[in-house]
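J.: To start, I am sharing the structure in question, which I have written as structure tokens.
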Amino acid sequence: MVKRLYNWVLHWADTKYGLPALCAISFVESSFFPIPPDVLLIALCMGAPKRAFKFVFYCALFSVLGGILGYYIGYALYEEVGRRIIEFFHYQEAYAYVGKLYGDNAFLAILTAGFTPLPYKVFTIAAGVFHEQVGLMTLITASALGRTGRFLLVGAAIYFFGPPVKRLLDKYLEIFCVIFMVLLIGSFFIVKWLAK
């Protein structure tokens, strides 16, 4: 089923509805859809490298808007909808772990989830459930930084390096995102340490 969904997402790149499809998939992936928008983003950027940053902008924008939907599901519809999404994807353990992360540093947890392969939808839904620890603006700000950073890495790589980088992104995108996130968080800690 996942393979069929993957191919369905990818086929939009060859149609005139590529950008609207990217917006829709970015939106729904933040709360319940299993295929990340990176798949379509890469294909669209490869087809029109000069429009790569436009694709990145819309992908990030609708991903953050979808995160707000995820927040609402957790806040108002967890028992009816949110729990079923978590159970459908077998994310129960991840959900419990996210609750603990929110007790430590909600902003950093969401920023990391937005940028890395961690299941972002779990973080958006859980943010609504744990709304006393995670304000909506915290979700929006951290998501905007994390999601934009992730998609910008993809778009910029294709814009500047073209087709050769596509093979690397297809194979190592998640690894690149994790490495970049580690460097980003590490730099925050270094700056904080130097400021003492």
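Here, each number is a calculation from the coordinates, and none is a lab measurement. Fair warning: this is a prediction, and the values are worked out from it, not measured in the lab. Glycine also receives a Cβ, built like all others from the backbone with ideal geometry; neighbour counts cover every protein chain displayed.
J.: Apply the Karplus curve 6.51 cos²θ - 1.76 cosθ + 1.60, θ = phi - 60°, to the phi angles in the stretch 4-16 and return the couplings in whole Hz, x for Gly and Pro.
T.: 3J(HN,Hα) across the stretch 4-16, in whole Hz: 5, 4, 4, 5, 5, 4, 5, 5, 5, 5, 9, 10, 6.
J.: Give me K54, K100 sorted ascending by neighbouring Cβ count inside 10 Å, so fewest comes first.
T.: Lowest count first: K100, K54.
J.: Okay, moving on. Going through the cross-link list K16/K121; K50/K121; K16/K50, which pairs have a Cα-Cα distance over 22 Å in this structure?
T.: Correct reply: K16/K121; K50/K121.
J.: Taking the Cα centroid of the stretch 105-162 and of the stretch 1-47, what is the distance between the two, rounded to the nearest whole Å?
T.: Distance between centres, Cα-based: 18 Å.
J.: Give the average over all directions of the projected area of the C-alpha convex hull of the stretch 1-134, one decimal, in nm².
T.: Projected over every direction and averaged, the Cα hull of the stretch 1-134 covers 8.0 nm².
J.: Right, here's the next one. Along the three principal axes, how long is the stretch 60-126 when you take its alpha carbons, biggest first, rounded to the nearest angstrom?
T.: The Cα atoms of the stretch 60-126 stretch 28, 26, 19 Å along the principal axes, largest first.
J.: Per residue, how big is the convex hull of the stretch 93-134 when only Cα atoms are used? Give it in Å³.
T.: About 53 Å³ per residue, rounded to a whole number.
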